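S.K.: I'd like to ask you about the structure that follows.
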Amino acid sequence: MTDAPVDAQVVVLGAAGDLAVRHLVPAVARLAEHPVAPLRLRVVGVDVAPWTTQQYRLRARDVLQRASPRPSPLVVDEVVGRLDMVSADITRPGDVASLLAPLLGGRATVFYVALPPSLHLAALAAVGAVGPPPGSRIVFEKPFGHDGPSAARLTGAATRVVPERALYRVDHFLHHPISDRLVGLRHGPVALEPVWDRHHVESIEITWDETGLVGARAASYDTVGALRDMVQGHLLLLLALVTMELPAATDDASWRAARLEALRVLPTPGPAEVAGGTRRGRYAAGTGPGAARGYTEEPGVRPTRETETFVEVATTLRSARWRGVPVVLRAGKAMQTDVRRIRLRLAPTVPGAPAVVDVMPDRVLLDGVPWDGSVPADHLPPTARMLRDVVLGRSRHAVTDDEVGECWRVVDAIRSGWRRGSPALLEHPAGTSPP
Ligand SMILES: O=C1O[C@H](COP(=O)(O)O)[C@@H](O)[C@H](O)[C@H]1O
């Protein structure tokens, strides 16, 4: 049986941006055609680009017609017909407010900030000038701030516009099936929870190696780098999901509190730990197909910035459950092979338990053998799941200000060590993984 569609309103700030069009519009269509619980979203795009509603609709139609899976022509017409566009400069809050406020009709609205971090404060000023109707929410993609203090300032500015509970700092990895699989493994049918501790697990590795280069994103990536893009934004939160105590209560607040506690107990690395326990690198021109370009030749890159495209962070856990267990987090672009994986190695002495548990976006392997016990039922892509959660006010996967602060605590300490020059930034040919 299909539920009646739920209607909601979303304003996308930065709607003409490539990622906003390519990810959000298909997500809106996937939610519209959900077989059980459809969502009917009216979307108002705001962008400095001089797009008319007509142009926004044409662009969206084009994206939907190329989407995989392709929505039905009926859904394409419906979704496109519910798009409106406001062309306004986000740094001029008065202009945004005068054009946007009349379109909202005083209805609760999800304001989705799809803008680079440098415009996040401007976006908040614009939403403040619009005057978010009661029940509205604001969504920020990562990175939230560029370090701990800037994240705290952003939270301060945001909570002058909406309460903290209406702020959704989203990390699409938490909406990813990999997160469900991980939790499913702990307390699902194979129930590894009894061996999920320092007595049984010998090491934890979280690896996000990508063969793709930075490419068209280089100008903005250059101000962020792999540590902030991947470790701060995603991998520490995945680590928290691996190591947290599963809360007895199933409500969102208990879940977020458990994740926070897992982050809180992560050690802050001092200069010696940074020098000895982290690696940073970037790709130089390689030889394989599509790898003939080094990072510094990417458009918009300033070579003197020493931006890393590869990062590895080794640490040792210290909570009661995990004390002494080594962890390695690693992410890189232009690597030899694509590896997206959470790997736990168990002591060989655990009777009946696998020696290697691999949790990946599309499957779980126990000692290399596929295990299929935790595939999410709706098969929605992470962006669609995230949008649905925000619209329905489900905050389990939204990152709190405290969690963001803990992630920055670790990352800021690493950056501070790197600023002292140790370890040095190493180059590796694109298409090969650093030694
Ligand atoms: O958010 C990000 O994630 C992607 C990797 O995510 P995936 O779902 O494609 O595996 C990464 O390429 C990007 O740099 C980062 O910003």
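S.K.: Please identify the trypsin sites (Lys or Arg not before Pro) of segment 344-435 that satisfy two criteria: DSSP loop assignment and at most 10 other Cβ atoms within 10 Å. Which are they?
M.R.: Counting only loop positions with at most 10 other Cβ atoms within 10 Å, the trypsin sites (Lys or Arg not before Pro) in segment 344-435 are Arg420.
S.K.: Moving to a separate point now. Determine the principal axes of the Cα atoms in segment 190-321, then give the extent along each, sorted from largest to smallest and rounded to whole angstroms.
M.R.: Taking max minus min along each principal axis of the Cα atoms, segment 190-321 gives 51, 34, 27 Å.
S.K.: Another question, then. Once you sort the root eigenvalues of the Cα gyration tensor of segment 172-211 as a ≥ b ≥ c, which label holds: rounded (a/c under 1.5), prolate (a/b larger than b/c) or oblate (the other case)?
M.R.: oblate
S.K.: Amide H neighbours of Val12 under 5 Å, counting only residues 5+ apart in sequence or on other chains, H built in-plane at 1.01 Å?
M.R.: So Val12 has HN proximity to Val44, Gly45, Val46, Tyr112.
S.K.: Checking the a/c ratio against 1.5 first, then a/b against b/c, what shape does the Cα gyration tensor give for segment 229-290?
M.R.: It comes out oblate by the Cα gyration axes.
S.K.: Let me ask something additional. Once both labels are modelled 7 Å past Cα along the beta-carbon direction, what's the Thr287-Glu427 spacing in nm?
M.R.: 1.7
S.K.: Shape verdict for segment 126-232, please, from the Cα gyration tensor: rounded (a/c under 1.5), prolate (a/b greater than b/c) or oblate.
M.R.: Oblate is the answer for segment 126-232, as a/c is 1.5 or above yet b/c matches or exceeds a/b.
S.K.: Each residue of segment 414-420 in turn: what ³J(HN,Hα) in whole Hz from Karplus with 6.51, -1.76, 1.60 and θ = phi - 60°, glycine and Pro shown as x?
M.R.: With the stated coefficients, segment 414-420 comes to 5, 5, 5, x, 4, 4, 7 Hz.
S.K.: What's the FRET efficiency of Ser68 with Thr349 using the Cβ-Cβ distance as r and R₀ = 45 Å, to the nearest 0.05?
M.R.: After rounding, the FRET efficiency stands at 0.50.
S.K.: Report the gain in length on full extension from Ser98 to Glu193: 0.36 nm times residue separation, minus Cα-Cα distance, nm rounded to one decimal.
M.R.: In short, 28.8 nm is gained.
S.K.: For segment 160-165, just list the computed ³J(HN,Hα) in residue order, Karplus coefficients 6.51, -1.76 and 1.60, θ = phi - 60°, integers in Hz, with x standing in for Gly and Pro.
M.R.: Coupling constants for segment 160-165: 7, 9, 9, x, 3, 5 Hz.
S.K.: Calculate how many DSSP beta bridges within the chain are antiparallel, expressed in % of all such bridges and rounded to the nearest 5.
M.R.: Around 45 percent antiparallel, to the nearest 5.
S.K.: Please give the Cα centre distance for segment 252-297 versus segment 51-79, rounded to the nearest Å.
M.R.: Distance between centres, Cα-based: 37 Å.
S.K.: Which distance in nm do the two modelled labels at Arg394 and Arg22 give, with both placed 7 Å along the Cα-to-Cβ direction?
M.R.: The answer from the label model is 2.7 nm.
S.K.: Give me the one-decimal nm value for the distance between modelled label points at Ala272 and Thr52, 7 Å along each residue's Cα-to-Cβ direction.
M.R.: 6.8
S.K.: Okay, next question. Efficiency by 1/(1 + (r/R0)^6): what FRET value for Val369 and Leu121, r their Cβ-Cβ distance, R0 = 45 Å, to the nearest 0.05?
M.R.: 0.35
S.K.: Here's another thing I want to ask about it. Could you work out how far the C-alpha centroid of segment 142-175 sits from that of segment 377-410, in angstrom?
M.R.: Between the Cα centres of segment 142-175 and segment 377-410 lies a distance of 11 Å.
S.K.: Let me ask you something else. Scan around Thr278 for amide H atoms under 5 Å from its own, H built in the peptide plane at 1.01 Å from N, and keep only partners 5 or more places away or cross-chain.
M.R.: Close amide H contacts, sequence-distant or interchain: Ala314.
S.K.: Test of the criteria: in segment 285-335, which GluC sites (Glu not before Pro) are in a DSSP loop and have at most 16 other Cβ atoms within 10 angstrom of their Cβ?
M.R.: Glu306
S.K.: How large is ³J(HN,Hα), in whole Hz, for each residue of segment 208-219 in order, when computed from phi with the Karplus curve 6.51 cos²θ - 1.76 cosθ + 1.60 and θ = phi - 60°, using x for Gly and Pro?
M.R.: 3J(HN,Hα) across segment 208-219, in whole Hz: 10, 8, 10, 7, x, 7, 6, x, 4, 7, 4, 4.
Quick note: the coordinates plus some simple rules give every number you see, no bench work behind them. What you see is a predicted model; the values in this text were computed from it and never measured. Quick reminder, even Gly has a Cβ in these numbers, built from the backbone with ideal geometry, and neighbours come from all protein chains shown.
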